[in-house]
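First up is the structure itself, then whatever we jot down about it.
Bear in mind these aren't lab numbers, they're just calculated from the coordinates by the rules spelled out. Because the structure is a prediction, the values reported are computed rather than measured. Note: ideal-geometry Cβ built from the backbone for every residue, glycine included; neighbour counts use all protein chains shown.
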Amino acid sequence: MHSEPHPAPPLWVVTGPTASGKTAMAVEIAARTGREVLSMDSMAVYRQMDIGTAKPTAEERARVPHHLIDLVAPQDTFDTARWCEEAAMRLDELQRRGVGALFVGGTPLYLMAFFKGMMEGPESDPALRAALEAREHAEPGALHAELQARDPAAAARIHRNDLRRLVRALEVLEQTGRTISSQQDHFERDGWLRPCRVVVVERDRDDLHARVKQRTERMLDDGLLTETEAIERQGGFSRTAGAAIGYAECREFLRGRFKDRTELRNRIRRNTHQLIRRQSTWLRRLAEAATVPAAAGADAVQRALETSSAELQ
């Protein structure tokens, strides 16, 4: 005789820009409530990329089970669709056990795709992709400049070095005559495909900049360059993994592109600030989410998850 699955608590999501402090608060909340953490970080899926992705510490992972971390090697390709498949499998397993899920991370596209649905775009065009990639290699920055002119909303959310997403945005535009941002309009609809409660952890600009400075120094002191060198020796990075902030700059440094470690440090900080701006642009679209100042602490975030405007949609 088969037992019925236990009813699982509603899905909780804690998100926010890089360096907002969301991970530590989420681990505290998960430990209190018996939930397990599902990472919503596009670079934490890569094994060996530990320092530059600020993965949860060994202590945090021992305290609370974590999922969707260390899924693939740095040489492997990994995209939003695959993450959604992996997340659905992990979530099904938790729900069969009657365990609550706490999604945590700062990759807004993962959040949007999983909780509001994937965009149904055209199939890839290998010839068009190859032509776009060749153009970018011949003239770095050309694709982002074109996207800025033709789809400013998408350009604001895609880093100029994120070749895969730049190519996809221009590919969709060429194939359909419509911008990719207009085809993601389902992200703007009210409610969620998967009912959830979402809290955005917020810090003011000066506070974030100070934390990014400390974070960058700590990563370099902890051996980010050595970690990057080791990955390069053991097979290198896929295009997506190699674009990760921290690793991309270290790879440039190792090729002699920067004059010294000071320039390396400043490049990482500058690109992290740009990432935070893009994350914030995405997160402002979440009308259903509650926003909690980081200074209010884990107690306030937990109360918001339990009682906020993020009532189940």
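I need to check one value: relative contact order of the chain, counting alpha carbon pairs closer than 8 Å and at least 6 residues apart, in percent.
Values: 452 pairs, mean separation 85.6, N = 313.
This gives 27 percent for the chain.
Using a ≥ b ≥ c from the Cα gyration tensor of the range 126-183 (square roots of the eigenvalues), is it rounded, prolate or oblate, where a/c under 1.5 gives rounded and otherwise the larger of a/b and b/c decides, a/b for prolate?
Here the range 126-183 falls in the oblate category.
Would you kindly derive the ³J(HN,Hα) couplings of the range 145-153 from the backbone phi angles with the Karplus curve 6.51 cos²θ - 1.76 cosθ + 1.60 (θ = phi - 60°), listing them in order in whole Hz, with x for Gly and Pro?
Result, rounded to whole Hz: 4, 5, 5, 4, 6, 9, 8, x, 4.
Please compute the contact order of the range 126-183 in relative form: average sequence separation of alpha-carbon pairs under 8 Å and at least six residues apart, divided by the residue count, as a percent. Provide the component values of the computation, followed by the final result.
Numbers: 48 pairs, mean separation 18.4, N = 58.
Reported relative contact order: 32 percent.
Using alpha-carbon pairs under 8 Å, 6+ residues apart, how would you state the relative contact order of the range 73-160 in percent?
Numbers: 28 pairs, mean separation 15.3, N = 88.
Rounded, it is 17 percent for the range 73-160.
If you fit an axis through the alpha-carbon atoms of helix 126-138 and take the longest principal axis of the Cα set of the chain, what angle between them do you get, 0 to 90°, nearest 10?
Between helix and principal axis, roughly 60 degrees.
Calculate the spin-label point distance for R32 paired with R47, positioning each point 7 Å from the Cα along the beta-carbon direction, and give it in nanometres.
According to this spin-label approximation, the distance is 3.6 nm.
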